[in-house]
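Visitor: Input: one structure, supplied below.
The values are calculated or read from the model by the stated rules, or taken from the named source; none is laboratory data. Note that the structure is predicted; figures quoted are calculated from it, not measured. Here Cβ is always computed from backbone atoms with ideal geometry, including for glycine, and neighbour counts include all displayed protein chains. Each accessible area value is taken on the protein alone, full model and side chains, heavy atoms only, with ligands, DNA and RNA left out. Shrake-Rupley method; radii C 1.70, N 1.55, O 1.52, S 1.80 Å.
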Amino acid sequence: MPISSISIGTSGDASSPDALKAALAEFISMLIFVFASEGAGMAFVGANISGGHVNPAVTFEAFIGGQISLLRSVLYWVAQCLGSVVACLLLKFATGGLETSAFALSSRVGEWNAVVFEIIMTFGLVYTVYATAVDPKKGANNLAGGAFDGASMNPVVSFGPAVVSWTWNNHWVYWLGPFLGAGANNLAGGAFDGASMNPVVSFGPAVVSWTWNNHWVYWLGPFLGAGLAALV
């Protein structure tokens with residue numbers, strides 16, 4: 001079971017040069033992710049340094065799966081939160097003071113309804129990340145789909161090899177499929193709670209606008225979904 005590999009870690013996990021470099025990579029990646037919605041590209045850039053988590057839920061999943069210690073997880077979470085806040089402050093400055101809208105629940109959507117939405121959507125998102133980028137065994141999705149199309153589930157996983165080998169046969173498949181999957185999540189949950197699936201995407205706007213209504217939903221739901229994904 002993944003949970004048997006959980007590690008608190010040592011002081012070096014949060015203070016060594018490598019750890020601080022990884023935290024800086026998470027900070028920069030999250031800043032760009034929130035500011036310009038270019039998370040996929042930045043995750044690819046930061047992957048060689050920090051693993052390109054760009055999502056506290058992904059970091060939590062890696063912790064539950066024994067891929068990262070608790071202390072380094074906390075370091076990543078701090079860096080991710082700071083990156084999100086700085087991005088929202090830059091957006092506010094760049095737009096002449098326009099407020100960054102905090103995530104909010106739609107009318108007639110209860111807090112626990114939203115938690116369930118976030119659990120389900122984050123589970124699908126984070127399980128894919130774990131199966132393709134974190135888990136050394138590459139997960140069950142590869143066993144199911146690998147024989148048919150390679151089970152990419154992440155466009156940049158296919159993009160790098162395509163560029164290096166300059167082989168583009170049916171490459172569009174590996175972009176369209178994942179984007180439709182992500183779009184389905186947003187269509188399903190966006191109208192109800194904003195379909196965050198990433199706690200710090202909600203955290204930055206909440207800090208800058210100082211709006212905390214139901215904010216805990218956007219942490220509890222994704223963390224529960226990520227934990228389930230790691231255990232599966």
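Visitor: Can you pull out every residue in region 4-20 that is open to solvent by less than 60 Å² (accessible area, probe 1.4 Å) and without any contact (Cβ under 8 Å) to a residue 24 or more places away in the chain?
Guide: Correct list: 12, 16.
Visitor: Further question on the same structure: List pairs: first in region 211-231 and on the phi > 0 side of the Ramachandran plot, second open to solvent by 40 Å² or more (accessible area, probe 1.4 Å) and modelled with pLDDT under 90, Cβ under 9 Å, 6+ apart or cross-chain?
Guide: Close Cβ pairs (under 9 Å, with a partner that is open to solvent by 40 Å² or more (accessible area, probe 1.4 Å) and modelled with pLDDT under 90) amount to 214/103; 214/104; 214/111.
Visitor: Look at region 67-98 and say how many of its residues are open to solvent by 30 Å² or more (accessible area, probe 1.4 Å) and assigned to a loop (DSSP other than H, G, I, E, B).
Guide: Within region 67-98, residues that are open to solvent by 30 Å² or more (accessible area, probe 1.4 Å) and assigned to a loop (DSSP other than H, G, I, E, B) number 5.
Visitor: Check residue 136 against each of (1) assigned to a helix (DSSP H, G or I); (2) surrounded by fewer than 18 Cβ atoms within 10 Å (Cβ to Cβ); (3) modelled with pLDDT under 80 and name the one condition it does not meet.
Guide: Result: residue 136 passes all but (1).
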